[in-house]
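Laboratory data are not the source of any read-out in this text; all were calculated from the coordinates shown. These figures come from a predicted structure and were not determined experimentally. Cβ: placed from backbone, ideal geometry, glycine included. Neighbour counts: every protein chain shown.
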């Protein structure tokens, strides 16, 4: 594959004031109100595709959709499909078929090892597998190679929706270009930080791009990476 520029990656999260994604007892995160929903949908409208970890999908059951009429019209006017492609990253390739995710009006791609599950219809170059419920299956490769493949597929702007392990793996390799965090007025405690405590991310510097007060005493912060 010829080298193509890497896509731009934006990590979008709603976090508590103490940097937690979920309550101490765990489970699906339920942070963020209507203001956070709006800035999330704005980022969805910006994106060609959305990366999410398989465990996050299992916990939530579905992915986020653009619902705001003006944002849907914006994408239509630019010649884009209503929703960005949903890319699920899984080491096992095992995604429960009964999840509401498979009924959502989106294009679904699975990123998993080719040998992870006995999908039928494997193509000769092993670049795609006809996985049930997914339109595409791309092999799980080292991030730089995978991101180049996605860029070659036309996915030049990627939203990273979580979970924490997925975001941390991209931060560790300095591949996240923008951080968009909504600070929610809660203190949750517990182990569920948006960067797992056992992860070591290289030092990097971030430039503040935007701040926006949101409804419900929330605050959106968006930073761009300056480099190592």
Check your understanding: For helix 34-46, what angle does its Cα long axis make with the longest principal axis of the chain, in degrees from 0 to 90 and rounded to 10?
Key -> 40 degrees
Revision key, fill the gap. Simple SL model, points at 7 angstrom along Cα→Cβ for residue 76 and residue 165; separation in nm is 4.0 nm
Practice item. Could you state the angle between the C-alpha long axis of helix 143-152 and the longest principal axis of the C-alpha atoms of the chain, as a value from 0 to 90 degrees rounded to the nearest 10? Key: 70 degrees
Check your understanding: Given that just one value was derived from the coordinates, which of (i) 53, 43, 38; (ii) 65, 35, 29; (iii) 80, 45, 27 is Cα extents along the principal axes in Å?
Key -> (i)
Revision key, fill the gap. per DSSP, antiparallel bridges as share of beta bridges in the chain, % nearest 5, sits at 35 percent
Check your understanding: What is the fewest-to-most order of 36, 217 by other Cβ atoms lying within 10 Å of their Cβ?
Key -> 217, 36
Exercise for review: Go ahead and run the numbers for FRET between residue 217 and residue 65, Cβ-Cβ distance against an R0 of 25 Å, rounding to 0.05.
Suggested key: 0.45
**Study point:** Debye-sum result for segment 62-114 in log10 I(q)/I(0), which assumes one identical scatterer on each alpha carbon, at q = 0.19, 0.22, 0.27 Å⁻¹
**Key:** -0.72, -0.86, -1.07
